[in-house]
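Since the structure comes first, as structure tokens, the remarks are kept for the end.
The values are calculated or read from the model by the stated rules, or taken from the named source; none is laboratory data. Quantities reported herein were computed from a predicted structural model and do not represent experimental measurements. Here the Cβ positions follow ideal geometry from the backbone for every residue, glycine too, while neighbour counts run over all protein chains shown. Heavy atoms of the whole protein, side chains included, go into the accessibility calculation; ligands, DNA and RNA do not. Shrake-Rupley method; radii C 1.70, N 1.55, O 1.52, S 1.80 Å.
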Amino acid sequence: MKMFDVEQVKALNDLERMVYEYVVKDPEKVKYMRIRELADEVHVSTSTILRFCKKMGCSGYSEFKLQLRDYQTRKDQANVRDDISEVVDFLKKTAAQEFEDKLEMLAEVIFHANHVFLVGSGMSGIVAKYGARYFSSMGKFCLYSGCVWHQYLLWRSESSFLKDSLVIVFSVSGESGDTIRHVMRFKEQNCRILSITNTENCTIAKLSDHNIAYYVSYMRLGDYDVTTQIPAVSIVERLGKKLYRYTSKGPGAI
């Protein structure tokens with residue numbers, strides 16, 4: 001997929017070619033720049049920028065930026081990988097005894113918590129909602145952070161309700177501002193935090209009492225994070241099944 005045609009580039013003079021080289025070097029930056037900002041960066045006049053745009057088949061700078069954004073979107077779509085090798089590698093890793101032991105320990109942590117809240121935003125929020133339903137079906141009543149009843153109970157003046165509560169946080173990047181704020185408010189109420197993130201080297205993981213990371217490649221489609229959620233869902237289901245062994249035997253199971 002080409003950004004510009006060969007004939008268009010051949011028609012550029014020396015100054016216009018400087019603009020071309022700057023654009024192809026950092027198109028993500030250029031698509032948000034004003035014409036004066038681009039001219040200052042390349043050290044040419046705005047008239048040179050406009051001539052460059054016309055030689056690229058655009059009536060002006062605004063149309064050129066629109067064309068550039070469209071190219072980036074098509075490029076991102078073309079680069080979305082349909083590769084399951086990382087997911088397969090992750091599933092193989094979960095069969096290791098070390099990972100199995102960690103899941104077992106976390107299942108006990110969930111079982112002993114008086115109340116369990118699940119938190120996430122965006123696609124991670126969907127996984128959190130699924131996790132709340134899944135754990136509840138396994139005998140451990142949980143609430144998703146978007147639940148109206150949960151919001152009432154959480155922020156009521158009496159904090160005794162949150163004693164010995166556990167918050168399970170889902171975040172791919174571990175850097176979502178909204179999710180970090182949720183975690184901080186829970187920590188202020190002395191809740192324990194269990195995070196499920198893509199890496200352990202992120203803010204949410206470092207704020208957590210327990211973390212489990214799955215390590216897959218980040219993937220973006222334009223402005224959207226489309227990183228696979230299969231590992232997070234797998235962890236939920238593995239934890240849920242281990243949890244059921246305890247809940248099915250009653251409170252004295254452990």
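Can you put 220, 34, 245, 17 in order of accessible area, largest first, using a 1.4 Å probe? The partial results should precede the final answer.
Details: 220 130, 34 155, 245 105, 17 75 Å².
Of 220, 34, 245, 17, the descending order of accessible area is 34, 220, 245, 17.
Could you give the nm distance between label points at residue 35 and residue 201, where each point is 7 Å from its Cα heading toward the beta carbon?
4.4 nm
Take the alpha carbon atoms of the chain, find their radius of gyration, then divide it by 2.2 N^0.38 Å using N residues; give the quotient.
Taking N as the residue count of the chain, the ratio is 1.39.
Which order do 124, 47, 62 take when ranked by solvent-accessible area (1.4 Å probe, heavy atoms of all protein chains), largest first?
Solvent-accessible surface, decreasing: 62, 47, 124.
Report the paramagnetic label zone for residue 105: residues of region 227-251 whose backbone N is under 20 Å from a point 7 Å from Cα along the Cα-to-Cβ axis.
Once the point is set 7 Å along Cα→Cβ of residue 105, 232, 235-246 turn out to lie under 20 Å by backbone N, inside region 227-251.
Considering only protein heavy atoms, with the full assembly of protein chains and a 1.4 angstrom probe, order 210, 112, 43 by accessible area, largest first.
From most exposed to least exposed: 43, 112, 210.
Can you give me the solvent accessible area of residue 239 with a 1.4 Å probe, rounded to the nearest 10 Å²?
The accessible area of residue 239 comes to roughly 0 Å².
Give me the accessible area of residue 5, 1.4 Å probe, in Å² rounded to the nearest 10.
80 Å²
With axes computed from alpha carbons, what is the tilt in degrees of helix 46-55 against the longest principal axis of the chain, rounded to the nearest 10 within 0 to 90?
Long axis of 46-55 versus the principal axis of the chain: about 90 degrees.
Report, to the nearest 10°, how far helix 230-247 tilts away from the longest principal axis of the Cα atoms in the chain, using its own Cα long axis and a range of 0 to 90°.
Helix 230-247 and the main axis of the chain meet at about 10 degrees.
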